[in-house]
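Novice: My questions will all concern the structure given below.
The numbers here are math on the coordinates, done by the rules we state, and not lab data. Just so it is clear, the structure is predicted and the values come from calculations on it, not from any experiment. Ideal geometry is used to build each Cβ from the backbone, glycine not excepted, and the neighbour counts take in all protein chains shown.
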């Protein structure tokens, strides 16, 4: 009986997201419209094409890949009705720690006397583990102490940033091994982003993990009554968000071939913006990874387009903030319309 109720609750959430397929198409059309606007403005003000430049498009996709990885985890958190403000700081922390293991031959000789450097799997795994630990702390605070997600992840945001500065006393870490840097070379970050997006699209859409995630976001009390272990599932969701933030930190350090304590600043807001623009509701229970991917690309197109038109960076931030607010306003009205139906 409990299992049937859980399936029914989750099924309603998933079927609701299925009815939003036209909404995702609308978001895709908005992406096309934004790109065409920049194309027209490019010819008018710069005398160049915005879209017919493979190098520019490649750089754009590379720039948003890290935000995309984070946004996949943030989307799942938001679907449960939570929020994660710590992902950007976790990126900086994991980048610093992973780069420390990827750099120092002293570490290698201490563990493997016959080697010069540690195998790449060691710093990569270290970054992922640190990310998972950060996510588990967030999840435990939220699930078992009932601290609001905003407060719990805000505390982690400050703490993780402090750890990233303390780890090398604010000094950058460079001289990383070629094996480690490979994960950030060429189009590898894009491949990682797409693989992560595909995995969690399938997980949310077709597995019990996804059904429980939607059910908790749609109605946490109904999910609890139906037999879902809400606390354990929230712990899992936040751990996954931390894992993906850690992965993003590793990719960031490898792509830059260095690590600095300031890496990842404001990434969490970009990730939240990508999710909300992509149709994920801040009220919980609604959202899809495909929409988040489109939202991430929209942010990338906007950033690349403004840079192409030489719009001042400060104006870019103002416009981005306005778009985030507009997306939230649209979500609020959409939720009201859904309740009336």
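Novice: Among (i) 192; (ii) 141; (iii) 152, find the value of volume of the Cα convex hull per residue in Å³ that was calculated from the structure presented, and write down its label.
Specialist: (ii)
Novice: Continuing with this model, one more query. Divide the volume of the convex hull of the Cα atoms of the range 134-274 by its number of residues and quote the answer in cubic angstrom per residue.
Specialist: Values: hull volume 17.1 nm³, N = 141.
Normalising the Cα hull of the range 134-274 by residue number yields 121 Å³.
Novice: Right, something else. For a quick check: sort 318, 237 by the number of other beta carbons within 10 angstrom, fewest at the front. Display every interim value, and only then the final one.
Specialist: Numbers: 318 10, 237 27.
Ranking 318, 237 by Cβ neighbours within 10 Å, fewest first, gives 318, 237.
Novice: Subtracting the Cα-Cα distance from 0.36 nm times the residue separation, let me have the gained length for residue 265 to residue 307 in nm, one decimal. List each step's numbers first, then the result.
Specialist: On the way: separation 42, 0.36 × 42 = 15.12 nm, distance 1.94 nm.
Residue separation times 0.36 nm, minus the Cα-Cα distance, leaves 13.2 nm.
Novice: What ranking do 128, 51 get, fewest neighbouring Cβ atoms within 10 angstrom at the top?
Specialist: Values: 128 20, 51 14.
Least to most surrounded, the residues fall as 51, 128.
Novice: Let me ask something else. Could you work out how much longer the chain between residue 28 and residue 151 gets when fully extended? Use 0.36 nm per residue separation minus the Cα distance between them, nm to one decimal.
Specialist: Numbers: separation 123, 0.36 × 123 = 44.28 nm, distance 3.37 nm.
Residue separation times 0.36 nm, minus the Cα-Cα distance, leaves 40.9 nm.
Novice: Also, quick follow-up: For 333, 267, what's the fewest-to-most ordering of other Cβ within 10 Å of each Cβ?
Specialist: Working: 333 10, 267 25.
Fewest to most other Cβ atoms nearby, the residues stand as 333, 267.
Novice: Continuing with this model, one more query. Using a Förster distance of 51 angstrom, determine the FRET efficiency expected from the C-beta separation of residue 45 and residue 195, and round it to 0.05.
Specialist: On the way: r = 38 Å, r/R0 = 0.74.
Efficiency computed from Cβ-Cβ geometry: 0.85.
Novice: Next question, about the same structure. Give the relative contact order (percent, whole number) for the chain; include only Cα pairs under 8 Å separated by 6+ residues.
Specialist: Values: 593 pairs, mean separation 112.8, N = 341.
With pairs under 8 Å counted, the relative contact order is 33 percent.
Novice: Run the helix sum for the chain: -39,500 (n - 2.57) per DSSP H stretch of 4+ residues, divided by residue count, reported at 222 nm to the nearest 500 deg cm²/dmol. Kindly include the intermediate steps, with their values, before the conclusion.
Specialist: Values: 15 runs with 258 residues, N = 341.
Value at 222 nm, helices only: -25500 deg cm²/dmol.
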